[in-house]
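Please treat every number below as a calculation from the coordinates, not as lab data. These numbers come from a predicted model, not from an experiment. Virtual Cβ from ideal backbone geometry, glycine too; neighbours counted across all protein chains shown.
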Amino acid sequence: MSQVNSSPRHAGPGTSPAGPSSVPTLAPGAVWVRTRATVRRFMTPTQPRAPWPAILVAALGGALTIAVLSLTGNATGTPILIAAFGSSCVLVFLLPDAPLSQPVNVVGGHMVSALCGVAAHAFLPTAWWSLGLSVGAAMAAMAALRIIHPPAGGTPIAILLAHEGWGYLLTPVLAGSLILTACALLYRVLLRDRAAH
């Protein structure tokens, strides 16, 4: 009588002792290659490379604009500069032709968002849910009016946390956004004159 060998068969490459129907496993080297490719895909910048002269000129424009806003506030005794204007400078000077960087987006986006923030502060307590509600309302209003300006999304947060009133709409929001827009338009004019020559 022949004996049946009950010992498990040697598993070939890519298979497990349970049999050929098991899910094949990847070799450690293949896992590393796939992981590295995934990390590289997510960490590689997709924006086109800008020339260094353009980067330096845009950075100078943003720096001077923030300095002008701060100096104007000091001279008038009224705060004109808010943190969101720094983010606005990133857009209007580094991406001046983008739809989100246009004057109506800068001024209108900040004003609409500030209005949502002031209204939330006037009628709601400052809490985690009112902060979220005010930002969501600002996002919806900007999208509906087609004046999306991402930096303005932080304006309602600043208003609620600092307990600002209706006067915040004029200074610093309206006055500051108008000065910022004027600096950005001057920057564009200078760029066009330089390109023409």
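With viscosity 0.692 mPa s and temperature 37 °C, the Kirkwood radius over alpha carbon pairs of the range 43-197 converts through Stokes-Einstein to a diffusion coefficient of 203 µm²/s. The residues H149, H163, when put in order of fewest to most other Cβ atoms within 10 Å, stand as H163, H149. The fewest-to-most ranking of S70, S88 by surrounding Cβ atoms within 10 Å reads S70, S88.
For a quick check: sort V173, V189 by the number of other beta carbons within 10 angstrom, fewest at the front.
Working: V173 28, V189 10.
Ordered by Cβ neighbours within 10 Å, fewest first: V189, V173.
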